[in-house]
Amino acid sequence: MILIVRINIGIERLLFKRVPIILLYLSFSSVYGFQGIIQTSFGARQAGMGGAFQAIGGSVMDLESNPSHLSRFQKSKLEFGGASHFAQIEYSDSFMDLRPENSYSNGITQRPKAILPYIGYVSKVSDRLGIGIALYSQGGGGGKFSDITRLAPEKKNLNETLGFEIPLVGTERKIREDLAFKFLITKMTLGFGYRFDRLSIGAGVDFVYSFMQMRRIYWDRTRSLELPGSFQYTSDPSYTYGGKLGISYELTQRMRIAYSYTLRNVLHLDGRMKVESLDPANLGDTRVSRFMSWPDRHILGISYRNDVWLLDFDVKFIPWSESFRTSKFVLEQSLIQTPVGTNTNTMQMNFRWRDQYTFALGAEYNWNQILKLRMGYSYGKSPVTGQGLSPMLGSTTEHHVAGGLGYYRNDYAFHLALEYGFPKRMRGDVSSDWSLSHSVFSTSDVSSQTFQFDKSVSVFSFYFGFELNT
């Protein structure tokens, strides 16, 4: 009882004093997930094996994937590390108009970076029971694109839009568009694992933090005037709860199977939106009501080990279609102007993502008592569809290769890993939100067939980790 009370007091202090500082640090980095918007690996050892780790265990990040493995720890363990992701996002589009001076094309390459640390501690309570706590970023998305050429709403020139004459640039019908998007979800998991001979069970409670920003700014060609149609949205910090269950079973002394299920999280992302308009009645900022669902997840794995090799094969299922189909922004005031000229208090994002299966195969070779070498491969068809494609949210990568090593000395170890997600190009559909928002100018001027766009993402990642057995 005393132990439980001390743990509860420690968690409360961590939640309300230390965690907000760490989360604030994490929120300054845009996240570029690999499988949709979820990282392929959590922890440096897992990353070296391509993320195939479900039926292995032995890391504090078992709290992210399968807490039943906490029952098999030989000693208590402190572990921390991080991942540095270097993405390359290539976006291009083109618009053809009957008037050649209204046609345009864009080709943009962005190389964003993200640093995502993790830390955790597992305590061996008895030969059968282990408990632990871990803090980590699970996924998210983001993008920043500047100085994109666009055709002004309703194809009006600057003089017609503003209602007065502007020297030199007033007759221009082309404008500039800046886009920025950031979405982050971070979890702190408290869990346990208990062993019944060959069978181990585990469970964890997730404390979930999320945050989102979105900005679209229209400028004149000189970038000196912010134009109507611009908006900026910032969510309040969102806090919610979730959980996970895990089981693992020793088929033989060399083979183990494992399964885990992580619950879906409802993210309440109410916030504020600022809108630019020529009409004073539609100008200003207002409260926004919205929520998103972070999908649940099933993972099944099987591992084999002998004196030299450790192998693991995982299958993961994420029902994105249930969570990333649509998302609505409901404003307290009708400040959003539609392409047909009317105002509304609702803005809807149609993701239209599909369900995703991913497959990961990893190997660890015991070179000697000090050095272990790792390699891995994973594949998952991108959940992003042509109807939901946009330059901001979602990765198109599908094939990933990884390699790494572990250096062991006494009661501590260092882990390093490299991973590469190969580039994958996708073309957007003419019926997508992104296409319609740049090709519908009025009820009588719809040019969706003349706007085309595509996107490609590749990612190089470096992982490091340190663990200390106590």
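Miscellaneous remarks
- Residue match in the range 179-201 (condition: of a type outside the set (A, V, I, L, M, F, W, C), within 30 Å of F324 (Cβ to Cβ), open to solvent by 10 Å² or more (accessible area, probe 1.4 Å) and modelled with pLDDT under 90): yes
- Qualifying residue in the range 321-341 (condition: under 30 Å from G48 (Cα atoms), at pLDDT below 90 and out of contact with any strand residue (DSSP E or B) (no Cβ under 7 Å at 6 or more places or on another chain)): yes
- Taken over the range 134-174, residues that are closer than 21 Å to S390 by Cβ and among the hydrophobic types (A, V, I, L, M, F, W, C) amount to 4.
- Scan of the range 100-117 for residues that are part of a loop (DSSP other than H, G, I, E, B) and either of a type in the set (A, V, I, L, M) or farther than 30 Å from F42 by Cα (or both), ordered by number: S103
- Hits in the range 110-128 (condition: of a type outside the set (K, R) and either open to solvent by 70 Å² or more (accessible area, probe 1.4 Å) or touching a Phe, Trp or Tyr at 6+ places or on another chain (Cβ under 8 Å) (or both)): Q110, P112, A114, I115, L116, P117, Y118, I119, G120, Y121, V122, D127
- G170 being assigned to a strand (DSSP E or B), among the small types (G, A, S) and either open to solvent by less than 30 Å² (accessible area, probe 1.4 Å) or touching a helix residue (DSSP H, G or I) at 6+ places or on another chain (Cβ under 7 Å) (or both): no
- For the criterion of being in a loop (DSSP other than H, G, I, E, B), more than 18 Å from Y420 (Cβ to Cβ) and in contact (Cβ under 8 Å) with a residue 12 or more places away in the chain, D97 passes.
- Restricting S71, S59 to those that are under 17 Å from F464 (Cβ atoms), surrounded by 24 or more Cβ atoms within 10 Å (Cβ to Cβ) and touching a Gly at 6+ places or on another chain (Cβ under 6 Å) reduces the list to S59.
- Scanning the range 409-431 for residues that are buried (at least 16 other Cβ atoms within 10 Å of the Cβ) and either under 29 Å from K75 (Cβ atoms) or in contact with a Leu (Cβ under 6 Å, 6 or more places away or on another chain) (or both) gives A413, H415, L416, A417, E419, M426, G428.
- Number of the exception - S435 against (1) surrounded by fewer than 17 Cβ atoms within 10 Å (Cβ to Cβ); (2) without any contact (Cβ under 8 Å) to a residue 24 or more places away in the chain: (1)
- Positions within the range 74-109 being over 30 Å from D62 (Cβ atoms), in contact with a helix residue (DSSP H, G or I) (Cβ under 7 Å, 6 or more places away or on another chain) and open to solvent by less than 20 Å² (accessible area, probe 1.4 Å), in sequence order: F95, N102
- Taken together, the residues in the range 229-251 that are outside any strand (DSSP E or B) and modelled with pLDDT of 95 or more amount to 1.
- Residue pairs meeting the criteria (Cβ under 9 Å; at least 6 apart or on separate chains; first at positive phi and crowded, with 17+ Cβ neighbours inside 10 Å, in the range 212-234; second among the hydroxyl-bearing types (S, T, Y) and in a strand (DSSP E or B)): G229/Y218
- H298 more than 17 Å from S210 (Cβ to Cβ), modelled with pLDDT of 90 or more and surrounded by 14 or more Cβ atoms within 10 Å (Cβ to Cβ): yes
The values are calculated or read from the model by the stated rules, or taken from the named source; none is laboratory data. Given the structure is predicted, the values throughout are model-derived calculations rather than measurements. So basically every Cβ, Gly included, is an ideal-geometry build from the backbone, and we count neighbours across all protein chains shown. Side chains are part of the model used for accessible areas, which takes the heavy atoms of the whole protein and leaves out ligands, DNA and RNA. Shrake-Rupley method; radii C 1.70, N 1.55, O 1.52, S 1.80 Å.
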